[in-house]
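Asks: One structure, as structure tokens, below. Some questions next.
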Amino acid sequence: MRPFSLAIGLLLALPAAADEFPLPPEGSDAIGETITTQTEAKDTLLDIARRFGLGYEEITNANPGVDPWLPGAGTVVVVPKQRLLPRAPRSGIVINLPEHRLYWYPPAQAGKPPVVWTFPVSIGKMDWNTPLGSTKIVSKAKDAPWIPPKSVREEHAKRGEPLPAVVPGGPDNPMGRYKMGLGIPGGAYLIHGTNRPAGIGMQVTHGCMRLYPEDIETLYAMVPIGTTVTIVNQPYKWGWVAGELMIEVHPPLQEDAGQVPTLTDLTRLIVEATREKPLAIDWIGAERTWREARGIPAPVTVAGSRTAANGG
């Protein structure tokens, strides 16, 4: 296995692709499209992920069986760029934790169509959960020093990685150069950068949301203080694309891993989605998408059923 520290060094020099999409109209829920690419001999899946604006779990879940560190030259890699928008308000910032993804819905500008930006994020690990609910951006700072909480210093000390009482601001700061504070009671929860980009898209933080350095710089410049932030836990998403029902399935969070999703859960999701639009369902395909949990939207309706349901 390629050493993690070497992967970090390689990733520091790679640009990420910030994603901006037209906001789908009412009744449509998908942005982007799934594509493929081929690896070069020097590539890791983490290189591919950062190149295409993805995180670690997104790229590995979409490519089961591919060695993330040594995929080999010429390997065809699925790049999961299509996604269903979370079932949440299409305003402000929305973070879907199991998806390891942040959505930013900026206010529409006069004479221009509305858009949505999306970025991969790291989130809080087990016992350091990122809280769910609604809050706001209450502060912003660039190149601020980091004062690690006592609990974090103790954890690092146990690993033989002691932290100073104050870490100076700058690119070597573990929180990166930009941070935005959230108004969540009982803790200093932030959206910030990192000096270890190889960990983006994983459940590894102490409750904060980390972005690639170039992504947080982009987001920081666009988001004002007072912006609403909605944090949700939606491993199973559904939505409509050109009249077809799609589902998108991600592995659950670490703290939810004991709650194994069942076919009853799948049935409940599809019943909810088709309550007002009865359709014929491809249950075999739906079950396959459900079990694989690759994070790639897939249709679950039988071809032609939408037309039949409309009487056309």
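Asks: If packing is taken as the mean number of other Cβ atoms within 10 Å per residue, what is the order of 62-68, 162-168, 296-302, highest first? Mind showing how you got there, number by number?
Replies: Working: 62-68: 15.0, 162-168: 12.0, 296-302: 20.9.
Sorting 62-68, 162-168, 296-302 by mean packing, highest first, produces 296-302, 62-68, 162-168.
Asks: Can you put D43, D282, D172 in order of accessible area, largest first, using a 1.4 Å probe? Show your work: numbers first, answer last.
Replies: Details: D43 5, D282 60, D172 130 Å².
Correct descending sequence by accessible area is D172, D282, D43.
Asks: Given the C-alpha centroids of the stretch 173-242 and the stretch 13-81, what is the distance between them in whole angstrom?
Replies: Centre-to-centre (Cα) distance: 19 Å.
Asks: With a 1.4 Å probe and every protein chain left in place, tell me how much accessible area W240 has, in Å² to the nearest 10.
Replies: 20 Å²
Asks: While we're here: Considering only protein heavy atoms and a probe of 1.4 Å, how much of the accessible area of the chain is carbon and sulfur, as a whole percent? Could the numbers behind the result be given before it?
Replies: Numbers: 8210 of 14540 Å².
That fraction is 56 percent.
Asks: Another question about this same structure. So how exposed is Y220, as accessible area in Å² (1.4 Å probe, rounded to 10)?
Replies: 40 Å²
Asks: Dipole of the stretch 18-162 (Lys/Arg Cβ +1, Asp/Glu Cβ -1, origin at the Cα centre): which of L46, G72, I147 lies farthest to the positive side?
Replies: Going by the Cα projections, it comes out as I147.
Asks: May I ask you to rank K42, K277 by accessible area, largest first, using a 1.4 Å probe over the protein chains only?
Replies: Numbers: K42 140, K277 65 Å².
Ranked list, largest accessible area first: K42, K277.
Asks: Which entry in [x] 0.98; [y] 0.96; [z] 1.03 is this structure's computed Rg/Rh (Cα atoms, Kirkwood Rh)?
Replies: [x]
Asks: Here's another thing I want to ask about it. Using protein chains only and a probe of 1.4 angstrom, how many square angstrom of E244 are accessible, to the nearest 10?
Replies: Around 70 Å² of this residue is reachable by solvent.
Asks: Indicate the gyration tensor shape class of the stretch 167-254 (rounded, prolate or oblate), computed on the Cα atoms with a ≥ b ≥ c the square roots of the eigenvalues: a/c under 1.5 is rounded; otherwise a/b larger than b/c is prolate and the rest oblate. Can you show the working numbers first?
Replies: Working: a/c = 1.93, a/b = 1.79, b/c = 1.08.
Verdict is prolate for the stretch 167-254.
Asks: Over 30 Å between Cα atoms: which of K42/K112; K81/K112; K81/K179; K112/K140; K42/K158; K112/K237 fall into that group?
Replies: On the way: K42/K112 41 Å; K81/K112 24 Å; K81/K179 26 Å; K112/K140 27 Å; K42/K158 35 Å; K112/K237 28 Å.
Beyond 30 Å between Cα atoms: K42/K112; K42/K158.
The values are calculated or read from the model by the stated rules, or taken from the named source; none is laboratory data. No experiment lies behind these values; they were computed from the predicted model shown. All Cβ positions, glycine included, derive from the backbone under ideal geometry; neighbour counts span all protein chains shown. Calculation scope for accessible area: heavy atoms of the full protein, side chains included, ligands and nucleic acids excluded. Shrake-Rupley method; radii C 1.70, N 1.55, O 1.52, S 1.80 Å.
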